[in-house]
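Bear in mind these aren't lab numbers, they're just calculated from the coordinates by the rules spelled out. Just so it is clear, the model here is predicted, and its values are computed rather than measured. Positions of Cβ are backbone-derived with ideal geometry, glycine not excepted, and every protein chain shown enters the neighbour counts.
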Amino acid sequence: MATIVLAHGAWSAAWAWKKMRPLLAAAGHEFFSPTYTGLGERSHLANHEVDLTTHINDVAAVLDCEDLKDVTLIGHSYGGMVATGVTDKARRRVARVIYLDAFVPRDGESLFDLVGPQAAETMRGKAMGEGAGWRIPPSTMPPDTAPQDVTWATPRRRSQPIRTFEQKLRLASREPPPPRAYIYAKRSGPGDVFRQFADRAKGEAGWKCYEIDASHNPHITCPQDLMALLGKIMAET
């Protein structure tokens, strides 16, 4: 049994893990899935000042207020930025971190740094054209997403405050990181930015690396397979 806390992806929210909740509960895990400020059911709080620190504080506050210990922290996609910051801020509460097809920043890096200048410029342009300069419209869902899942997810996705991608992460803790695992989604599309983090993890101490035969959102497209893999990882780390 584990206490699991989610740092979800961009444009997303707790709702996106709806298929995973009964699976996690059936396995006896306690699952917390806080939604970031400005997204999902908290989209009414969106404003141009919301940044990466805001989202780190959103998740860290759950660990603190719920007095959670020995936490398995899952960071999906952009959530890897958040999970890294939460681990730094609340190191003694985190037992392990699982990066699910996620960004793994080093100190001083932003998401825009990690996706590269061309992708960053494209998103800035969309924010200027469609989001009053500070809201980045949702990206396209993976092509193998079932039509009914696209219909379900699309109206729930929200624009991402641009400062969450612009702000550079600043790490302060001098404690070593907890055990970390990386799950690489093998059905990557054009412009895959996550292979670099899987490859880097393979060459660094303190990591275990895994793959899943899925596209970027296995919590939506193949929840049973993801559940099985998460169980394996938690047994091995």
How high is the relative contact order of the chain, in percent, with contacts defined as C-alpha pairs under 8 Å that are six or more residues apart? 22 percent
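Can you give the helix-only mean residue ellipticity at 222 nm for the chain, where every DSSP H stretch with n ≥ 4 adds -39500 (n - 2.57) and the sum goes over all residues, rounded to the nearest 500 deg cm²/dmol? Could the numbers behind the result be given before it?
Details: 10 runs with 88 residues, N = 237.
Rounded to the nearest 500, it is -10500 deg cm²/dmol.
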Taking Lys89 as the anchor, which lysines have their alpha carbon closer than 20 Å to its alpha carbon, excluding any fewer than eight residues away along the same chain? Lys69, Lys168
Nearest-0.05 FRET efficiency for Asp67 and Ala26 at R0 = 30 Å, using Cβ-Cβ distance, is 0.75
Cβ-Cβ FRET estimate between Asp225 and Asp107, R0 fixed at 35 Å, reported to 0.05: 0.55
Listed highest first by mean packing, meaning other Cβ atoms within 10 Å per residue, what order do 124-135, 205-216 come in? 205-216, 124-135
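Calculate the FRET efficiency for Asp192 and Glu236 from the Cβ-Cβ distance with a Förster distance of 30 Å, rounded to the nearest 0.05. Show your work: numbers first, answer last.
Values: r = 26 Å, r/R0 = 0.85.
Efficiency computed from Cβ-Cβ geometry: 0.70.
Relative to the present Cα-Cα distance, how much length would full extension add between Lys168 and Glu130 at 0.36 nm per residue of separation?
So the chain would gain 11.3 nm between Lys168 and Glu130.
Once you have the Cα-Cα distance between Met1 and Thr151, take 0.36 nm times their residue separation minus that, and quote the gain in nm to one decimal.
Numbers: separation 150, 0.36 × 150 = 54.00 nm, distance 3.36 nm.
Working it through step by step, the gained length comes to 50.6 nm.
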Antiparallel DSSP beta bridges within the chain, as percent of all bridges there, nearest 5: 10 percent
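Order 24-35, 169-180 from most to least packed using the mean count of other Cβ atoms within 10 Å.
Details: 24-35: 16.7, 169-180: 13.8.
Result, highest mean first: 24-35, 169-180.
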Given the C-alpha centroids of region 41-80 and region 116-167, what is the distance between them in whole angstrom? 19 Å
On a straight-distance basis, which lysines could pair with Lys19 in a cross-link, Cα separation under 22 angstrom, same-chain partners fewer than 8 positions away excluded? Lys186, Lys232
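Decide, for region 1-81, between rounded, prolate and oblate: order the square roots of the alpha carbon gyration tensor eigenvalues as a ≥ b ≥ c, take rounded if a/c falls under 1.5, and otherwise choose prolate if a/b is larger than b/c, else oblate. Before the final figure, lay out the partial values.
Numbers: a/c = 2.14, a/b = 1.54, b/c = 1.39.
Since a/c reaches 1.5 and a/b is larger than b/c, the shape of region 1-81 is classed as prolate.
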